[in-house]
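Comments concern the structure below.
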């Protein structure tokens, strides 16, 4: 192993770094490393790099522009976008070296740069990523700052922004400081930051204060839900600087994520016995992640109720086309046979009544057991609808709507929890309706059942967030499905049936990949405009419009 100084260009400016060349023959993987908040390569990154190089990995360690030995003025200005550009340039430089296997680049980051490794692993085509005590959630990081300190920092940041707009030099705050001081890190553990600086090294720990306004907008942990490469997320459970809970959740979102927790604070991983434990786990991860003989990825799994026809059938086709493994359920076994003929025997097909709790538990448990003990997504699609004047429907019809649309969602969600909670990135997608915006005449019981679904979804979206389960609903207007074939009434004639089952299925598949939205509205552009108007007029006028549409 030997180390030498290198430079590469990022946006026409020079970035300084070290290249560790491992004592191996032929192209080998390269680990690209950079430090966290205002940190420079001399702050213990050499300790990691030496260990990696000793295991046969080339290592590139670099300083960001405006920091350390790299170019860029004014100094100590932390710009996340520029740092991303520096990472991309560093990876390009590493790939240009003849001793590097360009297909096996690993991103290594710690603290703020741990977030960069998460955000950039997919764009740069990394083979793996390591995020040590990473910054993952900007809002969580802001909430961890005491309110008084947050206000003081905001004042400093705004002053710096004004100075910048006037062409003046930056206004700085310290990266770390005593509790109560106007520094970016002021938890009691922040004193450990300066312990990483080698004796005799002239380190500038100032940061342009404007960064305090931007950190809350940076949540790179979200990128892990779209990441298909191995990623190691190492979380310090006593971390007072980057909140550990969002980091664990982020790591569990990654399809091939490995989450390791350590009983220590934010700066402990760089030194002593904790460093030995941390770096040993990183080397073990690298050996497994870069093994060319790693196992084929397990397919993603989804349970869909009411999959025999209409929206459920269209959703099943969409998921299958994307490579998901399905458990398609329906009360109509002949409809499931038709679906099997369409999609093939690689999926599970189960005759299931969503009001039968024992059968739900059995079907869910068997499907989970066949796929590693869990499944990722539950689509509560099964439902019934009757559209007629309230008194013209039988009491049995009203009760059936409640049993299927309300109790069915309740039963399936409750009984799916043991299997969903094991994944760390599960989703429940409930079929709701735009009739949950205002009680609709001629579908009073159906509309009420969808109001329940909407309220249930909103509450569970908050409650199950702590389990890493995202709950959302789909709210379509009238859809051309077999269930609507017998629908009649002025409300249907007034609005029309303008959506297909595939329109809704497309939205369901999109919702399966999203963790932000709670309600997914599906409607035509024209009717979205009409709804936007009717939903914002005074309540008496809105009631009269609904009454007119429904023919009352």
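The values are calculated or read from the model by the stated rules, or taken from the named source; none is laboratory data. None of the values given here were measured: they were computed from a predicted structure. Positions of Cβ are generated from backbone atoms using ideal geometry, with glycine treated the same way; all protein chains shown enter the neighbour counts.
Is it fair to say residue 279 is within 21 Å of the chain's Cα centre (by Cα), at pLDDT 95 or above and buried (at least 17 other Cβ atoms within 10 Å of the Cβ)? Please lay out each step first, then the result.
Working: within 21 Å of the chain's Cα centre (by Cα): no; at pLDDT 95 or above: yes; buried (at least 17 other Cβ atoms within 10 Å of the Cβ): yes.
Judged against the criteria, residue 279 is not a match.
With the structure loaded, tell me whether residue 151 is in a helix (DSSP H, G or I), surrounded by 13 or more Cβ atoms within 10 Å (Cβ to Cβ) and at pLDDT 90 or above or whether it fails that test. So residue 151 fails the test.
Please go through segment 211-232 and pick out each residue that is under 11 Å from residue 134 (Cα atoms) and within 14 Å of the chain's Cα centre (by Cα).
Kept after step one, since they are under 11 Å from residue 134 (Cα atoms), are these residues of segment 211-232: 219-221, 232.
Correct list: 219, 220, 221.
Let's see how each residue does on (1) assigned by TED's automatic domain parsing to the domain that holds residue 473; (2) within 21 Å of the chain's Cα centre (by Cα); (3) in a helix (DSSP H, G or I); (4) surrounded by fewer than 21 Cβ atoms within 10 Å (Cβ to Cβ):
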{"site": "396", "(1), (2), (3), (4)": "yes, no, yes, yes"}
{"site": "404", "(1), (2), (3), (4)": "yes, no, yes, no"}
{"site": "409", "(1), (2), (3), (4)": "yes, no, yes, no"}
{"site": "419", "(1), (2), (3), (4)": "yes, yes, yes, no"}
{"site": "440", "(1), (2), (3), (4)": "yes, no, no, no"}
{"site": "445", "(1), (2), (3), (4)": "yes, no, yes, yes"}
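With respect to the conditions (1) modelled with pLDDT under 95; (2) surrounded by fewer than 20 Cβ atoms within 10 Å (Cβ to Cβ); (3) not assigned by TED's automatic domain parsing to the domain that holds residue 39, residue 353 falls short on a single one, namely (1). One residue alone among 167, 180 is touching a helix residue (DSSP H, G or I) at 6+ places or on another chain (Cβ under 8 Å), without any contact (Cβ under 8 Å) to a residue 40 or more places away in the chain and in a loop (DSSP other than H, G, I, E, B), and that residue is 180.
Would it be correct to say that residue 320 is in the same structural domain as residue 480 (by TED's automatic domain parsing) and part of a helix (DSSP H, G or I)? So residue 320 passes the test. Is it the case, given these coordinates, that residue 382 is in a helix (DSSP H, G or I) and either free of Cβ contacts under 8 Å to residues at least 60 places away in the same chain or closer than 28 Å to residue 517 by Cβ (or both)? No, not satisfied.
Here's a check for you: in segment 190-209, which residue that is free of Cβ contacts under 8 Å to residues at least 60 places away in the same chain and under 17 Å from residue 76 (Cβ atoms) is nearest to the chain's Cα centre (by Cα)? Checked segment 190-209; the qualifying residue nearest to the chain's Cα centre (by Cα) is 209.
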